[in-house]
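**Q** I'd like to ask some things about the structure below.
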Amino acid sequence: MAWETPGWQTARAEVNDVLVQESQRAFMSRVYGWMFAGLSITGLVALFTAASPQLMQTVLNVRWVLFIAQLGLVFALSGMATRLSGAVAGALFVAYSALTGLTFSVLFHVFTAASIGSAFMMTAGTFGAMSAFATFTKKNLSGWSTFLFMGLIGVVIASVVQLFVHSSALSFVTACASVVVFAGLTAYDTQKLREMHAASGYSSAATVSIVGALSLYLDFINLFLALLRLFGDRRR
């Protein structure tokens with residue numbers, strides 16, 4: 001149209017860019033909000049369970065059931081995300097966070113509370129730094145995918161081997177590799193979440209935010225476990 005001058009088109013493009021950026025910020029705020037809620041639930045449940053000898057014994061007795069239930073919830077939330085309502089997805093995420101808290105309660109009987117706190121602070125700092133890097137860098141991190149995938153496979157295989165071969169050297173190498181892999185995944189997943197949000201048409205659906213929170217939650221938890229294995233002080 002005659003009134004659609006180049007200057008007007010430029011202004012419209014700038015407005016669209018601002019709206020997209022605001023939408024992304026709101027989306028990531030929801031993602032981090034859900035993630036923080038999940039971590040809080042995990043921590044509180046772990047502390048409460050560790051303080052109760054009866055609950056601890058029950059957790060130890062049914063630990064494999066809890067592990068299978070955790071896997072089931074992760075696959076359900078990830079695989080059926082598009083078919084779940086926001087309320088159901090939120091309930092599954094909360095349930096998974098609570099189950100993780102039950103299994104993590106054992107850590108308080110293996111490591112000192114001070115070293116668990118230190119590992120958590122190191123994890124928070126590393127996670128924050130990698131998330132900030134992914135947010136502000138102009139570099140496309142998609143090229144990391146192959147390296148991170150192969151590293152993740154290696155960590156999983158080494159972890160399975162450790163179930164049968166108890167080696168301090170293998171445990172150290174696996175923990176070091178896990179730190180590198182999950183720190184990298186934190187940055188990679190943060191950037192991929194922005195792309196996922198764009199691919200969904202900048203959807204504000206709660207399910208999209210919860211699935212994103214689950215990805216970052218898993219990165220945080222696994223990074224925490226790796227750092228705890230490296231620097232945690234075991235109880236005598």
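**Q** Tell me, what is the percent relative contact order of the stretch 6-231, built from C-alpha pairs under 8 Å that lie six or more residues apart?
**A** 32
**Q** Could you calculate the contour length gain from Ala113 to Asp233, that is, 0.36 nm times the residue separation minus the distance between their Cα atoms, to one decimal place in nm? Mind showing how you got there, number by number?
**A** Working: separation 120, 0.36 × 120 = 43.20 nm, distance 0.89 nm.
Length gained between Ala113 and Asp233: 42.3 nm.
**Q** Something else about it: Using only Cα atoms and rounding to the nearest 10 degrees, what angle (0 to 90) does helix 63-79 make with the longest principal axis of the chain?
**A** Computed tilt is about 10 degrees.
**Q** Any idea what angle helix 113-136 forms with the longest principal axis of the chain, computed on alpha-carbon atoms, 0 to 90 degrees, nearest 10?
**A** Helix 113-136 and the main axis of the chain meet at about 20 degrees.
**Q** May I ask you to compute the full-extension gain from Met80 to Thr146, defined as 0.36 nm times their residue separation minus their alpha-carbon distance, rounded to one decimal in nm? Don't skip to the answer; put the middle values down first.
**A** Working: separation 66, 0.36 × 66 = 23.76 nm, distance 2.50 nm.
Stretched out fully, the Met80 to Thr146 stretch lengthens by 21.3 nm.
**Q** Dividing the Cα radius of gyration by the Kirkwood radius, what Rg/Rh value follows for the chain? If you can, show how the numbers build up before the last one.
**A** Numbers: Rg = 20.5 Å, Rh = 19.6 Å.
That ratio is 1.05, to two decimals.
**Q** Compute the angle between helix 145-164 and the longest alpha-carbon principal axis of the chain, please, reported from 0 to 90 degrees and rounded to the nearest 10.
**A** 10
**Q** Okay, moving on. Just to be sure I follow the definition: excluding the sites themselves, where is the longest run in the chain that has none of the chymotrypsin sites (Phe, Trp or Tyr not before Pro) in a DSSP loop with at most 16 other Cβ atoms within 10 Å? Don't skip to the end; give the middle numbers.
**A** On the way: sites that count: Trp3, Tyr202.
Result for the longest clean stretch: 4-201.
**Q** Between Thr137, Thr123, Thr207, find the one with the highest GNM mean-square fluctuation for the chain; connect C-alpha pairs within less than 10 Å.
**A** Thr137
**Q** Which of Ala76, Ala226, Ala175 moves the most in a Gaussian network model of the chain with Cα springs under 10 Å?
**A** The residue that fluctuates most here is Ala76.
All of the numbers you see were taken from the coordinates with simple rules; none came from a lab. Remember, it's a predicted structure, so these values are computed and weren't measured experimentally. All Cβ positions, glycine included, derive from the backbone under ideal geometry; neighbour counts span all protein chains shown.
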